[in-house]
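Notes follow the structure.
The values are calculated or read from the model by the stated rules, or taken from the named source; none is laboratory data. This structure is a prediction, so every number in the text was calculated from the model and none was measured. In this analysis, Cβ positions are derived from the backbone assuming ideal geometry, glycine residues included, and neighbour counts consider all displayed protein chains. Keep in mind that these areas ignore ligands, DNA and RNA; they rest on the heavy atoms of the full protein, side chains included. Shrake-Rupley method; radii C 1.70, N 1.55, O 1.52, S 1.80 Å.
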Amino acid sequence: MNSQVRRARAEDATAISQVVIAALRHSNAQDYPPTVIAQVVQHFSPAAILQFLAQRQVYVATLQQRVVATASLDQDVVRSVFVDPDHQGRGIGQQLMEVIHTAAADAGVEQLRVPSSLTAEGFYRRLGYEKVRDQQHGAERTIIMGKRLMLTRGPSESLQPLKLPGLPRQADARRWCTRARKRLAGPDPPGQSHRLL
């Protein structure tokens, strides 16, 4: 069953809060002590979610009109990506991130950052993010990660997201471009290679 991604609305605040808190208590609790989880949970009340809606582009993924995941874009920073524990591992987080990447590219963002939890580091790596540095907030360790977005110039010379059907990740697009270049140009001369951005 495919989820539907849309912009979050005020009436989603309670459902978003519930998804975030469930994910924190189930998934993130494997990597952080209870004191850190309790502290972070306080930042995701329905009232806090309403404030996020006024400050960021907040998205939700729904299944049968039920909110099962959320993610937000705060200029060039990805924030608050959480999937309900019962729906993790089904591609919903990746689907949300594709929407975030498109929204960022449409806004002319060339590089995204994300303060990743220890729990989500592998998820972001699979999406092409690379570690920049560790950041410590008391007992809470986060990993600042970054990803360069693939942009092209359209007919109006404004930046447009590069859309390659069937290639959901930047790494796949790089492999596809490399294979296409090799088919057209033949092998690289010894000692030379082409690096794609």
Q. How about segment 108-165: which strands (runs of 3 or more DSSP E) wholly inside it have at least 3 residues that are of a type in the set (Lys, Arg) and modelled with pLDDT of 85 or more?
A. 140-148
**Q.** Which numbered condition Ala23 fails, given (1) assigned to a helix (DSSP H, G or I); (2) under 15 Å from Val83 (Cα atoms); (3) open to solvent by 30 Å² or more (accessible area, probe 1.4 Å); (4) touching a helix residue (DSSP H, G or I) at 6+ places or on another chain (Cβ under 7 Å)
**A.** (3)
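Of everything in segment 55-71, what is in a loop (DSSP other than H, G, I, E, B) and either out of contact with any strand residue (DSSP E or B) (no Cβ under 9 Å at 6 or more places or on another chain) or among the acidic types (Asp, Glu) (or both)? Give them in sequence order. Lay out the reasoning, then the answer.
In the first step, residues of segment 55-71 are kept if they are in a loop (DSSP other than H, G, I, E, B); the result is 56, 64-65.
Result: Gln64, single match.
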**Q.** Failed item in (1) under 16 Å from the mean Cα position of the chain (by Cα); (2) over 20 Å from Ala120 (Cβ atoms), with Ala69 passing the rest
**A.** (2)
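With the requirement that a residue be crowded, with 16+ Cβ neighbours inside 10 Å and within 19 Å of the chain's Cα centre (by Cα), what does segment 1-20 give you?
Across segment 1-20, the qualifying residues are Ser3, Val5, Ala8, Ile16, Ser17, Val19, Val20.
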Q. Which residues, counting only those in segment 33-83, are farther than 22 Å from Arg141 by Cβ, polar (S, T, N, Q) and surrounded by fewer than 16 Cβ atoms within 10 Å (Cβ to Cβ)?
A. Ser45, Gln51, Gln55, Gln64, Gln65, Gln75
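Kindly indicate whether any position in segment 35-51 is under 20 Å from Leu127 (Cα atoms), part of a helix (DSSP H, G or I) and either touching a residue at least 60 places away in the same chain (Cβ under 8 Å) or touching a Gly at 6+ places or on another chain (Cβ under 9 Å) (or both). Before you say what the answer is, go through the steps one by one.
First, pick out the residues of segment 35-51 that are under 20 Å from Leu127 (Cα atoms): none.
No: segment 35-51 contains no residue that is under 20 Å from Leu127 (Cα atoms), part of a helix (DSSP H, G or I) and either touching a residue at least 60 places away in the same chain (Cβ under 8 Å) or touching a Gly at 6+ places or on another chain (Cβ under 9 Å) (or both).
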